[in-house]
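Here the structure is laid out as structure tokens; the discussion comes afterwards.
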Amino acid sequence: MKAVIQCGGMGTRLRPFTSVLPKPLMPIGARPVLELLLKWLRRNGIENVYVTTGYLGHLIRSVCGDGSQWNIKIRYTQEMEPLGTIGPLSLIRDELDEPFLVLNGDVLTDLSLSRFVATHRAHKDLVTIATASRITKMDFGVIDEVNDTVQVFREKPALSHLVSMGIYCMNPGVLQFIPSGIPFGFDDLMLQMLQSGQVVHVYKHEGLWLDIGRVEDFQKAQATSWEEQSASIEVAAA
């Protein structure tokens, strides 16, 4: 199975650090997050990876090379202008001729790819989104009202939401929704698919997931021994 790692973003949430390093090269301990992500893919049986690059892409190429040091084959794309989170897939649409994975280049997780991919294959629809539950602490008093009268008042509640992990399993048919040469985000893709009546599935992950683009998650990642995570990861189905 092929995987596409999206590494073209500017990492604005981690500035000023990303002024000199692209976000996928931010260090987790002594290793860049992208190296940890590539090793996780390889432990899960993935051997062919496309890395989409834009901002400071030459640094990513210099660090990762052709992937042979991890027994992975890496091929790169380069965006002349930012193409958003999903737009870069248009650059390799001819290469994506079977179900494939798409991942943000700043995620760390113990998600079982074998179970995720098996779930996607079972329903045969175009997209499955890996999801996790996140608690958001509100800084305000929240009011539920009817006809301008207060029905419920909650002082700074903690709200639970199902959120995208930035990991997707897709069938090649999804590429028909992705235009070439213009910025196109995952939100744009969802809007077009849902408007056209397509079914989009979710896979609920209850384990570890960190979004390194968030300062809080970046700090949490420093306290985790990622090399030890391999013991709990299953080999993906071929």
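The values are calculated or read from the model by the stated rules, or taken from the named source; none is laboratory data. Computed from a prediction, not measured in an experiment: that's the story for all the values here. When we count neighbours, we look across all protein chains shown, and the Cβ atoms used for this are built from the backbone with ideal geometry, even at glycine. Each accessible area value is taken on the protein alone, full model and side chains, heavy atoms only, with ligands, DNA and RNA left out. Shrake-Rupley method; radii C 1.70, N 1.55, O 1.52, S 1.80 Å.
Scan Q192, Q176 and give me the residue that is open to solvent by 60 Å² or more (accessible area, probe 1.4 Å), of a type in the set (S, T, N, Q) and touching a Phe, Trp or Tyr at 6+ places or on another chain (Cβ under 8 Å).
Q192
Tell me yes or no: at least one residue of segment 194-217 is in contact with a His (Cβ under 8 Å, 6 or more places away or on another chain) and modelled with pLDDT under 90.
no
Which ones in segment 29-47 are closer than 17 Å to V215 by Cα and open to solvent by less than 10 Å² (accessible area, probe 1.4 Å)?
Within segment 29-47, V33, L34 qualify.
Looking only at segment 153-164, count how many residues are open to solvent by 60 Å² or more (accessible area, probe 1.4 Å) and either free of Cβ contacts under 8 Å to residues at least 12 places away in the same chain or not small (G, A, S) (or both).
Looking only at that region, the number is 6.
Could you check segment 11-28 and list, in sequence order, the residues that are among the hydrophobic types (A, V, I, L, M, F, W, C), open to solvent by 90 Å² or more (accessible area, probe 1.4 Å) and at pLDDT 50 or above?
Of everything in segment 11-28, just one residue is among the hydrophobic types (A, V, I, L, M, F, W, C), open to solvent by 90 Å² or more (accessible area, probe 1.4 Å) and at pLDDT 50 or above, namely V20.
Among the candidates G181, G185, which residue alone is among the small types (G, A, S), open to solvent by 60 Å² or more (accessible area, probe 1.4 Å) and either under 20 Å from the mean Cα position of the chain (by Cα) or under 30 Å from S90 (Cα atoms) (or both)?
Exactly one residue qualifies, and that residue is G181.
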